[in-house]
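Undergrad: Here it is, the structure in full.
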Amino acid sequence: MTGLEVLLIQLSGRVTPLVLALALWALALLGALAGWWEPQARWLVYAALTGLAVWGLAHWTLAVRERYIREAAFPQMLKRRLRDSYPGLTHKDCDLVERGLRQFFLACLRSRGLFVAVPSRAVDTLWHTFIQNAPAYEDWCRHALGFVPEYAPAVALGKKAHHNDGLRRAWYWACKDEAIQPRTPSRLPLLFALDAKLALPNGFHYLPGTLACGHKPRPGGTEAIHYATGFCDTSYSGSASNFGGCETNPGKDTDHSSDNDSDAGGDGGGD
């Protein structure tokens, strides 16, 4: 990452290009109203150029943050703590969990500040360990996201809409990261496949699901299996039709999001 890119994400965490542009144009308009200068026709050209510059900087910043999430180093002690929690994991397994945590942070970035829930106990363990190193974690998040995401322990779909929509956002953006269709997945993205792949006894184990949307685990069953098709199941509270606001036009691929969260009471889901 170049020095200019580092400066860009540092500054964007303090003042966004849009806020700066609006402040400058507000000053220009106030000056015109106060009679300090006369409005001129060329201001329209300047306004159009300002809009293009803001759009370009916003997209550049997003691209730089994504690359930072994929490449920036995590503290080495995170993997050691992960192996303390799960002694059976190999170094390669820990690398996979780290990749899962990066995919989770990408979902946080693309959700534009909305809550994203973590669906993997392995990733949750790594994330929680990172949070405990507060200065390093907050500095990393400011560079990668521009904010510190809300923390909640790993969950599955349950009664609480806030958690359900957080899981839907994680699912949608993890699928997009691996070119998987969120509504009709043929396989699982890494973030949702990790616990089963690592055979964690207390993990959340997912299957893509070949049945219709709305299929749930067998009532009373002892297996801790969850189906990816549940994320578009409207019987779970929250915004199932657009994956927690990830789609402005449900059923179509878009990169915009809006907050349609509503809490329905009760505790978050689990095994």
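Every read-out reported here was derived from the displayed coordinates using simple, explicitly stated rules and does not represent laboratory data. Note that the structure is a prediction, hence the values are computed from the model and not measured. Positions of Cβ are generated from backbone atoms using ideal geometry, with glycine treated the same way; all protein chains shown enter the neighbour counts.
Undergrad: Can you compute the charge dipole magnitude of segment 79-232 about its Cα centre, using +1 on each Lys and Arg Cβ and -1 on each Asp and Glu Cβ, nothing else charged? Give it in debye, rounded to the nearest 20. List each step's numbers first, then the result.
TA: On the way: 21 positive and 13 negative charges, 59 e Å.
With only Lys, Arg, Asp and Glu charged at Cβ, the dipole is about 280 debye.
Undergrad: Can you give the local net charge around Cys232? Use residues other than it whose beta-carbon is closer than 11 angstrom to its beta-carbon, Lys and Arg +1, Asp and Glu -1. Present the calculation step by step, with values, prior to reporting the outcome.
TA: On the way: positive: Arg168, Arg183; negative: Asp233, Glu247.
Summing Lys and Arg as +1 and Asp and Glu as -1 gives 0.
Undergrad: If you don't mind, another one. Quick one: 3J(HN,Hα) in Hz for segment 181-188, Karplus 6.51/-1.76/1.60 with θ = phi - 60°, rounded, Gly and Pro as x.
TA: 6, x, 7, 10, x, 8, 7, 9
Undergrad: A follow-up question, please. By its C-alpha gyration tensor, with a ≥ b ≥ c as the square roots of the eigenvalues, how is segment 151-204 shaped: rounded for a/c under 1.5, else prolate for a/b larger than b/c, else oblate? List each step's numbers first, then the result.
TA: On the way: a/c = 2.05, a/b = 1.10, b/c = 1.87.
Note, shape of segment 151-204 comes out oblate.
Undergrad: Using the Cβ atoms and a cut-off under 14 Å, what net charge is assigned to the surroundings of Gly100, where Lys and Arg are +1 and Asp and Glu are -1?
TA: Numbers: positive: Arg70, Lys79, Lys92, Arg99, Arg102, Arg121, Lys197; negative: Asp93, Asp95, Glu98, Asp124, Asp177, Glu178, Asp195.
Overall, the nearby charge balance is 0.
Undergrad: Report ³J(HN,Hα) in whole Hz for each residue of segment 163-173, in order, from the Karplus equation J = 6.51 cos²θ - 1.76 cosθ + 1.60 where θ = phi - 60°; Gly and Pro get x.
TA: 3J(HN,Hα) across segment 163-173, in whole Hz: 6, 4, 5, x, 5, 4, 5, 4, 4, 4, 6.
Undergrad: Once amide H atoms are placed 1.01 Å from N in the peptide plane, what residues at a sequence separation of 5 or more from Tyr206, or on another chain, have their amide H within under 5 Å of its amide H?
TA: The answer is Ala196, His226.
Undergrad: Can you check how the C-alpha radius of gyration of segment 79-232 compares to 2.2 N^0.38 Å, as a plain ratio?
TA: 1.01
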